[in-house]
Structures are given as C-alpha cells and as structure tokens.
Ligand SMILES: Cc1cc2nc3c(=O)[nH]c(=O)nc-3n(C[C@H](O)[C@H](O)[C@H](O)COP(=O)(O)OP(=O)(O)OC[C@H]3O[C@@H](n4cnc5c(N)ncnc54)[C@H](O)[C@@H]3O)c2cc1C
Ligand code: FES
C-alpha cells in the first residue's frame, strides 16, 4: 500500500440524498456534497469515509468504503448489515433520505497505482505512464461487503484506461447475497473483453465445483493456477474477512507474487472476541494528582495540545488526546483503518495491533494512536506529519 497525500481528517454534516437496497441485508447510501465542500470530498477509488451518528443515545462511528467512481457531488457507500451490529443495523433499518449525518472526508491507501485519477485531475490522465508497458491486468479477490471499494477501483480503472483489464473473484454465501449484481453485469456488458467476474458461492452448487464452497487454500491455489494468469497480474486487491485476506496473501506469497503489488483492506481484525468497535475510546480517565502520570503532547492542525494520563489507566495516546481535543481523528479504533495515524517525535511506546501501516512507515516512527501506549514519562506525537 502507498500512503496518499494526507488530507486533514474533518467531519461535515451531509444529507442522505438516496438509499438504494442492494440485497436483503445491504443498502447503498448516497450523501450530497455541497459545492463548497466538493474539493474536501474528492477521493481516489478505493478510499473510505468514516460516518458518525447518534445511535441509541451514544455516538457511533464506523468506516465505509466508497463504492462509486469519483464524479463530484455525491459520496456513495454500501453498508451490509452485521448481525447485532450497531451502525450497520441502524443504517439498514432506520436511516432515511433527508437525514443528516456526519461524514469524514475520504481517507485510505487502498487505491490502485495503475492509471486512475481523482476527481480533481480527471483531465490529466497520463498515458505516457503506461508507455512501453504491456496492458495492465488487475485482479481483485473480494468477499461479501468487501466488494465496495472494488466497485470503485474496477470502474475507475476500466473507464480511465483504454487497455487495462480487470478480473474479479467474488465470494458470497448465495446468489441473493451478491451486492452490486446489476452493476457487475453492466460492467461485463460495457467491457466484454476487459472485465471478467468469477462468482464463488459457498452455499450453492455451481456447474464447476471450483466455483462452489468456501475458498480454502486448495481452491485458491487452483484458482490462481487455472483461472487467473497469476504471473501476468500487475496489481492485486484483496478485501474481505481477515482470514480470507490472510489466506490470499500467503498463497500469493507462495506463488512468488511481489508483495509490493498486493493491496489489501481489512474491515475488521476478525477476532472472535472483538465485539463492537471503538472499545474504550473516549472512556473517562482522570489524571491522578498523587499517582504517576504520563504527559501526552501532540500537534493537530498546527495546534499543540497536552494532557496528563495516569500510568495505571494504561490508555492509548488517542484516548488521552481525545480528552482535550474531541476532533482528534479516529474511526475504527481497532488498528485497521489508519485514520488515527501520527508520528512519534519523542518518547518510547508500544503499539498493539497494526493492520494499516506499512513496515517502512513503522520504521519512520508512525503509529496508530488508537493502538499505542506511552512507555516513557513523556510522549510527543504529530498528527500533521
Ligand atoms: C476501512 C474500512 C472500510 C470498511 N468498509 C465497509 C463497507 O464498505 N461496507 C461495510 O458493510 N462495512 C465496511 N466496514 C466495516 C464497518 O466499518 C463496520 O465495522 C461494520 O459495518 C460493523 O459495524 P456495526 O456497528 O454494525 O457492528 P458493531 O456494533 O461494531 O459490532 C461488530 C460485531 O460485533 C458483534 N457484537 C456486538 N456487540 C457485541 C458484544 N457485546 N459482544 C460481542 N460481540 C458483539 C456484532 O454482532 C457484530 O458482528 C469497513 C471497515 C473499515 C475499517
Ligand atoms: S482509528 Fe482505525 S486504526 Fe486507529
């Protein structure tokens, strides 16, 4: 993954312009972006937005990938109902057109390197980038709601290039669970020679047994050997449950695919004990005047802040920083989205989960502040770095 130019993370209240049912348990929600905010909501295909709403008397924020090509004026996301999940159930069952909810400007690095542009430079497609190269072939492996960023990436790549080809492997339980079935069909019609899709249904029998049942290492290996020309692929996009993404990464590694050509996006860490997101983020902690405290000092949007954090609370930098600045950026609070990224300027620390930062970023001192705890008396981080 590459890190795009970091946009200042900021929420704005946007009106829901349209809600479209995709399957029995998934909806597409479109937000209107007023003219004056268009630039702030420009995005690259594959990026996501964090949404913030009051649900059941508490603030809930979750990330959702944008599922359409950048076109200005609208941000579209697709939300699949997670059984027992707070935000996704609310969005599927209660959210209505006309409601205003807070939407963070687009973030994320799950974007293609091949020949696509954001809304702002749509006229500056650089054909020379591909000069001398064979037509790029891109492959996505997605499961369930993992299709959302892929819809945006596939459409953008096909629309903005004249020769790039895109192959999608899309796993679902049954045909009724396939999100964007119609749009996928439209892409096949529009680009018959450049777009191919292989549906894999875990609970339905298909003519070719390779396309039925769960994707395990054996099935994946067969797909990579027999269906996809693995050695011809320029870029890979993996999006789905943690186990599937991990399986794909391992299998591609085993087949000698350069990891620099693999981009992946996790919607959660997939840990059975994970439960609802946001964990302890925002929990009240009071500095202990008699006990030992850590000084957490930070810069955000050019302004410095400082807060005392009791050692006994063992809280994250994010949790401490939120006490003095409620606008400190975060979304998943689970180490997957990268919204809370900052650079440690001074002090020692430990980071728990990290599914969002690349090794080179970690080596440069970048951390996910929702997962990082100070191990020295003072820690200084910069959210603007
Ligand atoms: C970068 C990124 C992009 C994403 N894009 C999309 C997208 O495009 N589309 C999409 O649908 N999702 C997407 N997600 C996932 C999304 O952000 C949410 O995680 C998802 O919708 C579930 O949120 P929720 O509030 O409904 O569930 P939560 O309330 O967070 O619950 C999560 C799970 O925990 C279980 N649970 C709830 N309470 C408890 C409890 N007390 N104990 C144990 N378990 C419990 C729930 O049953 C549920 O299965 C994305 C996530 C990230 C990080
Ligand atoms: S808020 Fe998502 S990684 Fe920290």
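Could you go through the stretch 79-98 and let me know if any residue there is within 16 Å of ligand 2 (Cβ to nearest atom) and assigned by TED's automatic domain parsing to the domain that holds residue 40. Give the derivation first.
Going residue by residue through the stretch 79-98, those that are within 16 Å of ligand 2 (Cβ to nearest atom) are 87.
Adding the requirement that they be assigned by TED's automatic domain parsing to the domain that holds residue 40 leaves 87.
Scanning the stretch 79-98, I find at least one residue that is within 16 Å of ligand 2 (Cβ to nearest atom) and assigned by TED's automatic domain parsing to the domain that holds residue 40, so the answer is yes.
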Subset of the stretch 134-155 that is away from ligand 1 (no atom under 16 Å from the Cβ) and outside any strand (DSSP E or B) - its residue that is farthest from residue 45 (Cα to Cα) | 134
Any idea which residue in the stretch 340-373 is nearest to residue 319 (Cα to Cα), counting only those that are within 16 Å of ligand 1 (Cβ to nearest atom) and in a strand (DSSP E or B)?
-> 368
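With the condition kept exactly as written, say whether any residue in the stretch 113-133 is within 14 Å of ligand 1 (Cβ to nearest atom), at pLDDT below 95 and either closer than 28 Å to residue 357 by Cβ or under 20 Å from the mean Cα position of the chain (by Cα) (or both).
Restricting attention to the stretch 113-133, the residues satisfying the condition of being within 14 Å of ligand 1 (Cβ to nearest atom) are none.
No, every residue in the stretch 113-133 fails to be within 14 Å of ligand 1 (Cβ to nearest atom), at pLDDT below 95 and either closer than 28 Å to residue 357 by Cβ or under 20 Å from the mean Cα position of the chain (by Cα) (or both).
Taking the options 82, 105, name whichever one is touching a helix residue (DSSP H, G or I) at 6+ places or on another chain (Cβ under 8 Å) and crowded, with 16+ Cβ neighbours inside 10 Å.
Values: 105 fails: touching a helix residue (DSSP H, G or I) at 6+ places or on another chain (Cβ under 8 Å).
Residue meeting the stated conditions: 82.
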In the stretch 162-188, what residues are crowded, with 22+ Cβ neighbours inside 10 Å and either over 21 Å from residue 143 (Cβ atoms) or outside the structural domain of residue 214 (by TED's automatic domain parsing) (or both)?
-> 164
State yes or no: is residue 381 touching a residue at least 12 places away in the same chain (Cβ under 8 Å) and farther than 24 Å from residue 264 by Cβ?
-> yes
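In the stretch 289-332, how many are in contact with a helix residue (DSSP H, G or I) (Cβ under 7 Å, 6 or more places away or on another chain) and either within 16 Å of ligand 1 (Cβ to nearest atom) or outside any strand (DSSP E or B) (or both)? Talk me through it step by step, then tell me what you get.
Applying the first criterion (in contact with a helix residue (DSSP H, G or I) (Cβ under 7 Å, 6 or more places away or on another chain)) to the stretch 289-332 yields 291-294, 296, 298, 305, 307, 309, 328, 330.
Add one more test, that the residue is either within 16 Å of ligand 1 (Cβ to nearest atom) or outside any strand (DSSP E or B) (or both), and what stays is 291-292, 328, 330.
Matching residues across the stretch 289-332 total 4.
Going through 182, 167 one at a time, which residue ends up being without any contact (Cβ under 8 Å) to a residue 12 or more places away in the chain and over 20 Å from residue 48 (Cα atoms)? Lay out the reasoning, then the answer.
Working: 167 fails: without any contact (Cβ under 8 Å) to a residue 12 or more places away in the chain.
Unique residue meeting the criteria: 182.
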Please enumerate the residues belonging to the stretch 185-199 that are under 18 Å from residue 229 (Cβ atoms) and either touching a residue at least 60 places away in the same chain (Cβ under 8 Å) or under 26 Å from the mean Cα position of the chain (by Cα) (or both).
-> 194, 195, 196, 197, 198
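The values are calculated or read from the model by the stated rules, or taken from the named source; none is laboratory data. Bear in mind the structure is a predicted one, so any value in this text is a computation, not a measurement. As a convention, Cβ positions derive from the backbone with ideal geometry for all residues, glycine included, and neighbour counts pool all protein chains shown.
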